[in-house]
Amino acid sequence: TGPARHCKTSFGARDFGGFQDCFFRDRPMDTARIAVVGAGVVGLSTAVCISKLVPQCSVTIISDKFTPDTTSDVAAGMLIPHTYPDTPIHTQKQWFRETFNHLFAIANSAEAGDAGVHLVSGIKGSGGWMLTRRIDDLWELYPSFDIVVNCSGLGSRQLAGDSKIFPVRGQVLQVQAPWVEHFIRDGSGLTYIYPGTSHVTLGGTRQKGDWNLSPDAENSREILSRCCALEPSLHGACNIREKVGLRPYRPGVRLQTELLARDGRRLPVVHHYGHGSGGISVHWGTALEAARLVSECVHALRTPIPKSKL
């Protein structure tokens, strides 16, 4: 298998037939076709886990935005435990432990320098496709795909009809301050200074229900003032860039399988979204769980339905 291939397209839902012919004409007949909707850290890590854990499958990542235009690109990328009120504590600990072990292995590998804060790249060693397009209804992917994995974050308000998920706006500053080598974070976590490989991230804001993706000048002034109070040397920071991202908040991460049915058709969907600001901290653990759910769906598809005896 080769690296992932990226395809940009704007064709409509009815044109998926040509897409299907192009992408899957050489696949074995028993290969399960899996679409992952969403290309943030959750979607990409889920695609990697599926390709590792689910045999005989082809994986296609579909999103209207890829790096550097995702919410994950705005995040500072710190591994900090987050709490999800609707999720059992032991499950959260497992997700965090598996994610920590995964990132720790990267940090101690030869690829650590290249990985930086982007711990999952868009190049999958086990093969796959990346398709740029907007999905307005998961049924658009039927019958080109056998299983759909919904990692669309805030997009799930529309795609899954989930009113529990809402945005928490985060604005940060990315600055050049190479002398800053250690992170600083206040007790509430609202003000933070996180050094990265190419810039230092200064934050931040938590604005619930705010969908505005445009930078706010007053927010920027407040962030810089708060961060300079923690680290006065930041008065000398240069190349200041404003970034905004919308955290996909939900009372608990949604990790479950749903069987969609319409006009006699069935489409298994694995939902994997709602990480809020904790996506970086648990993405690998939850992606492994999502991959296990996908594996169960594939097994169900390949298991013949027993015929009833009269």
Go through region 146-175 and give me each residue that's part of a loop (DSSP other than H, G, I, E, B), among the hydroxyl-bearing types (Ser, Thr, Tyr) and crowded, with 19+ Cβ neighbours inside 10 Å. SER152
In region 294-310, which residues are more than 19 Å from THR60 (Cβ to Cβ) and outside any loop (DSSP other than H, G, I, E, B)? GLU296, HIS299, ALA300, ARG302
Being among the aliphatic types (A, V, I, L, M), under 19 Å from CYS151 (Cβ atoms) and either open to solvent by 40 Å² or more (accessible area, probe 1.4 Å) or in a helix (DSSP H, G or I) (or both): is that true of ILE50 here? yes
Residue pairs meeting the criteria (Cβ under 8 Å; at least 6 apart or on separate chains; first within 20 Å of VAL172 (Cα to Cα), in region 59-76; second assigned to a strand (DSSP E or B) and aliphatic (A, V, I, L, M)): PHE66/MET130; THR71/LEU246; VAL74/VAL172; VAL74/VAL244; ALA76/VAL172
Output the qualifying pairs, or none if there are none: Cβ atoms under 6 angstrom, residues six or more apart or on different chains, first residue in region 31-46 and more than 13 Å from SER72 (Cβ to Cβ), second residue surrounded by fewer than 24 Cβ atoms within 10 Å (Cβ to Cβ) and acidic (Asp, Glu). ALA32/ASP146; ARG33/ASP146
Could you tell me whether SER233 is open to solvent by 10 Å² or more (accessible area, probe 1.4 Å) and in a helix (DSSP H, G or I)? yes
Could you list, in sequence order, all residues of region 181-202 that are more than 25 Å from GLY153 (Cα to Cα), open to solvent by 20 Å² or more (accessible area, probe 1.4 Å) and of a type in the set (A, V, I, L, M, F, W, C)? PHE183, ILE184
Of all residues in region 242-272 being under 24 Å from THR99 (Cβ atoms) and not in a strand (DSSP E or B), the one that is nearest to the chain's Cα centre (by Cα): VAL253
Any residue in region 273-293 that is at negative phi and part of a strand (DSSP E or B)? yes
Restricting to region 232-270, count the residues that are at pLDDT 95 or above and acidic (Asp, Glu). 2
Given the conditions (1) in a strand (DSSP E or B); (2) open to solvent by 50 Å² or more (accessible area, probe 1.4 Å), report the number of the one that GLU222 does not fulfil. (1)
For region 83-104, what are the residues that are crowded, with 16+ Cβ neighbours inside 10 Å and in contact (Cβ under 8 Å) with a residue 40 or more places away in the chain? TYR84, THR87, GLN92, GLN94, TRP95, PHE96, GLU98, THR99, HIS102, LEU103
Pick from VAL294, VAL298, VAL282, VAL270: which is surrounded by 15 or more Cβ atoms within 10 Å (Cβ to Cβ) and out of contact with any helix residue (DSSP H, G or I) (no Cβ under 6 Å at 6 or more places or on another chain)? VAL298
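The values are calculated or read from the model by the stated rules, or taken from the named source; none is laboratory data. Small disclaimer: the values here were computed from a predicted structure and weren't measured. Cβ sites come from the backbone with ideal geometry, for glycine too, and all protein chains shown count toward neighbours. For accessibility, only protein heavy atoms count, side chains too; no ligands or nucleic acids. Shrake-Rupley method; radii C 1.70, N 1.55, O 1.52, S 1.80 Å.
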